[in-house]
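Peer 1: So that we are looking at the same thing, I have put the structure below in structure tokens.
Bear in mind these aren't lab numbers, they're just calculated from the coordinates by the rules spelled out. Computed from a predicted model, the values in this text were never measured in an experiment. Don't worry about glycine lacking a Cβ; one is built from the backbone with ideal geometry, like all the others, and counts go over all protein chains shown.
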Amino acid sequence: MKWNILSYDSPKIMGILNVTPDSFFDGGAYNSETTIRERIQQMLVEGADIIDIGAYSTRPGAEDISEQEEITRLRKALNIIVNEFPDINVSIDTFRLDVVKAIYEEYGEFMVNDISGGCFDSEMFRYVGEKNLPYVCMHMQGTPQTMQIHPQYDDVVKDILLFFKEKIVLAKQYGISQFVVDPGFGFGKTVEQNYELMKNLRKFVDLHYPILVGISRKSMIRATLNCSVDEALNGTTVLNTIALQKGAHIIRVHDVKAAKEALTLVQKCY
């Protein structure tokens with residue numbers, strides 16, 4: 001694989017490919033070569049710029065799997081990509097450095113989408129910088145197992161901005177040139193804190209790095225609208241539209257077609 005450097009003058013769509021049995025929305029849906037291939041093809045036809053592959057479910061209460069199991073799951077999708085879709089941009093949703101190393105050595109360049117923002121492995125920034133890999137630095141309070149147990153902040157917006165300012169210093173120190181910030185909607189935040197972040201998303205534009213927003217079908221939508229995950233597409237589209245208006249550069253979604261339509265209409269209005 002080879003990463004094609006993206007310009008964020010126009011926002012990009014990151015399509016989610018979960019090769020897990022227990023992700024909160026589509027766990028178990030893409031666990032065969034046929035379903036994985038069809039999912040990739042569908043997202044590309046619908047307009048995905050990046051395919052984000054997740055092999056470790058980070059929903060609260062999800063099973064903790066070994067690094068080797070995570071790598072094995074990723075290989076199933078990556079073998080299809082290198083053989084049939086070699087020119088697409090791939091992102092790997094992992095916080096484990098040994099997984100990053102194994103995939104890089106076997107397949108080449110990709111974007112590292114790290115929910116821990118480098119907090120779970122102090123060597124992550126060094127390795128990503130050495131290999132010149134694009135890196136998504138997400139904010140999360142706690143771990144996937146503890147993140148929703150009474151998350152607390154002095155000021156959720158200021159605290160997370162400070163987190164990113166510190167991470168940007170590290171990124172520069174380690175030579176990470178393709179750096180993306182992700183406020184981490186739903187990761188160690190209450191519903192109210194998530195909406196406070198959305199209201200103030202433009203403040204993150206002042207960091208002068210691309211912003212990724214991932215709110216697809218999340219509980220901040222379901223709790224507010226009292227709907228199921230299957231009924232949360234409309235709410236997802238509304239919040240993606242707001243995020244784009246507030247300066248998001250990447251929107252991470254399960255439903256690429258709806259996101260592409262939202263992006264097209266937003267661009268018509270600006």
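Peer 1: Fewest to most neighbouring Cβ within 10 Å: what's the order for TYR209, TYR56, TYR8? Please list the in-between numbers first.
Peer 2: Details: TYR209 19, TYR56 26, TYR8 13.
Result, fewest neighbours first: TYR8, TYR209, TYR56.
Peer 1: For the ranges 83-89, 245-251, 45-51, what's the packing order if you count other beta-carbon atoms within 10 Å of each residue, average per peptide, and put the highest first? Write down the numbers at each step before the final one.
Peer 2: Numbers: 83-89: 12.9, 245-251: 21.1, 45-51: 19.3.
Top to bottom by mean Cβ count within 10 Å: 245-251, 45-51, 83-89.
Peer 1: Just subtract the alpha-carbon distance of HIS208 and GLU84 from 0.36 nm times their residue separation and send over the number in nm, one decimal. All intermediate terms of the calculation are to be shown ahead of the outcome.
Peer 2: Values: separation 124, 0.36 × 124 = 44.64 nm, distance 3.55 nm.
Between HIS208 and GLU84, full extension yields an extra 41.1 nm.
Peer 1: Still on this structure, I have one more. May I ask for log10 I(q)/I(0) of the chain at q = 0.10, 0.12 Å⁻¹, from a Debye sum over the Cα atoms as equal point scatterers with solvent left out?
Peer 2: -0.46, -0.68
Peer 1: Where the eigenvalues come from the Cα gyration tensor of the range 164-270, what are the semi-axes √(5λ) of the equivalent ellipsoid, largest first, in whole Å? Let's see the in-between values first.
Peer 2: On the way: eigenvalues 126, 57, 28 Å².
Those come to 25, 17, 12 Å.
Peer 1: According to a simple spin-label model (label point 7 Å from Cα along Cα-to-Cβ), what is the distance in nm between ASP155 and GLU109?
Peer 2: With each label point 7 Å from Cα toward Cβ, the separation is 3.9 nm.
Peer 1: Take the Cβ-Cβ distance between ASP230 and GLU33 as r, set R0 to 25 Å, and report the resulting FRET efficiency rounded to the nearest 0.05.
Peer 2: On the way: r = 26 Å, r/R0 = 1.03.
Computed FRET efficiency for ASP230 and GLU33 comes out at 0.45.
Peer 1: Further, regarding this structure: Pull up all non-local amide H partners of ASN18: gap of 5 or more, or a different chain, and H-to-H distance under 5 Å with H placed in the peptide plane.
Peer 2: GLY54
Peer 1: R0 = 25 Å: FRET efficiency of ASP64 with LYS101, Cβ-based, nearest 0.05? If you can, show how the numbers build up before the last one.
Peer 2: On the way: r = 20 Å, r/R0 = 0.79.
It comes out at approximately 0.80.
Peer 1: Moving to a separate point now. Where does each of CYS119, CYS269, CYS137 land when they are ranked from fewest to most other beta-carbon atoms within 10 angstrom?
Peer 2: On the way: CYS119 17, CYS269 7, CYS137 29.
Sorted ascending by nearby Cβ count, the order is CYS269, CYS119, CYS137.
Peer 1: Fully extended, how many nm does the chain gain between GLU166 and VAL191 (0.36 nm per residue separation, minus their Cα-Cα distance)? List each step's numbers first, then the result.
Peer 2: On the way: separation 25, 0.36 × 25 = 9.00 nm, distance 2.54 nm.
Result: 6.5 nm gained on full extension.
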